[in-house]
Amino acid sequence: MRDDRTTREAAWERRTELPLFYASLVFTASYAVRVLATGASEVLRDVALALTGLTWACFIADYLVRLVLSRRRALAFVGRHWLDTLIVLLPQLRPLRVVKLHDAVQAKTNRPRRELHVRVIMYAGLAGILLGFSGALAVFDQERDAPGASILTFGDSVWWVCTTLTTVGYGDVVPVTPVGRLIASGLMLCGLALLGAVTGSFSSWLLQVFRREDEPEPPEDGSPPGAL
């Protein structure tokens, strides 16, 4: 039974991962319109709001379907899929599932998987870009009208996200609202994780390269290295 429910849940994930990734792009774009296009017509802003709600509903429906297919208790499912639960509450974090998308595309096209360090760097780079953009939108939306705010333009928000994700933290612009600081805490943790993953993977790749270069070449007569 456990293998059967796991198989059905995994099959559902493979079928829906790519459509839901496109839905996450629609969510981000419509949310960006709501945040940035303040001078746009009300019709455009209403359409963007409707698309935001519709895509969010898709994420919730996918979560509930997977919960039913798993046949687990709700608390057990939440504990096993804590990231998916967090994404349902905060759809801006959907880019963190980009590694699942990569695996689904690879399986659908029957392409061989790339080396581990390449996949880690690709995942961290794409997740950092999408997560940074979503975080910049969310922080700007919370901060621009707050009393005493230093993040007054979207450019300020992008600059702040760059310094936060890279753990530089100049402190020239900082969030002052409770929600903005909560988003900042999440971005700090994500920045540390992504930076650590890239650094570790790159270091591992360098060690592999240097190890291959330091290996002695086999003798021309075909005898093993060190043989008399």
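Observations on the structure shown:
- Boolean, LEU20 is of a type outside the set (Lys, Arg), within 20 Å of the chain's Cα centre (by Cα) and at pLDDT 80 or above: yes
- Residues of region 136-153 that turn out to be in a helix (DSSP H, G or I) and open to solvent by 50 Å² or more (accessible area, probe 1.4 Å), as a count: 2
- Matching residues in region 174-197 - criterion: being in a helix (DSSP H, G or I) and among the aliphatic types (A, V, I, L, M): VAL179, LEU182, ILE183, ALA184, LEU187, MET188, LEU189, LEU192, ALA193, LEU194, LEU195, ALA197
- Evaluating SER157 against the criteria (1) out of contact with any Phe, Trp or Tyr (no Cβ under 7 Å at 6 or more places or on another chain); (2) open to solvent by less than 70 Å² (accessible area, probe 1.4 Å); (3) within 23 Å of LEU86 (Cβ to Cβ) leaves one unmet condition, (1).
- Members of region 170-183 found to be surrounded by 15 or more Cβ atoms within 10 Å (Cβ to Cβ) and either at pLDDT below 80 or touching a helix residue (DSSP H, G or I) at 6+ places or on another chain (Cβ under 6 Å) (or both), listed by number: VAL173, PRO175, THR177, GLY180, ILE183
- Verdict on VAL99 being of a type in the set (A, V, I, L, M), modelled with pLDDT under 75 and loosely packed, with under 14 Cβ neighbours inside 10 Å: no
- Test: residue in region 72-82 that is under 26 Å from the mean Cα position of the chain (by Cα), under 26 Å from ALA136 (Cβ atoms) and at pLDDT below 90: yes
- Counting only residues that are touching a helix residue (DSSP H, G or I) at 6+ places or on another chain (Cβ under 8 Å), under 25 Å from ARG72 (Cβ atoms) and either aliphatic (A, V, I, L, M) or open to solvent by 60 Å² or more (accessible area, probe 1.4 Å) (or both), region 20-60 holds 4 of them.
- One residue from VAL105, VAL118 being at pLDDT below 85 and within 19 Å of LEU18 (Cα to Cα): VAL105
One line per residue, one yes/no per condition, for (1) within 15 Å of GLU9 (Cα to Cα); (2) acidic (Asp, Glu):
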| residue | (1), (2) |
| --- | --- |
| GLY39 | no, no |
| ASP46 | no, yes |
| THR52 | no, no |
| TRP56 | no, no |
| ARG71 | yes, no |
| PHE77 | yes, no |
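The values are calculated or read from the model by the stated rules, or taken from the named source; none is laboratory data. No experiment lies behind these values; they were computed from the predicted model shown. Cβ sites come from the backbone with ideal geometry, for glycine too, and all protein chains shown count toward neighbours. The accessibility values were calculated without ligands, DNA or RNA, using every heavy atom of the protein model including side chains. Shrake-Rupley method; radii C 1.70, N 1.55, O 1.52, S 1.80 Å.
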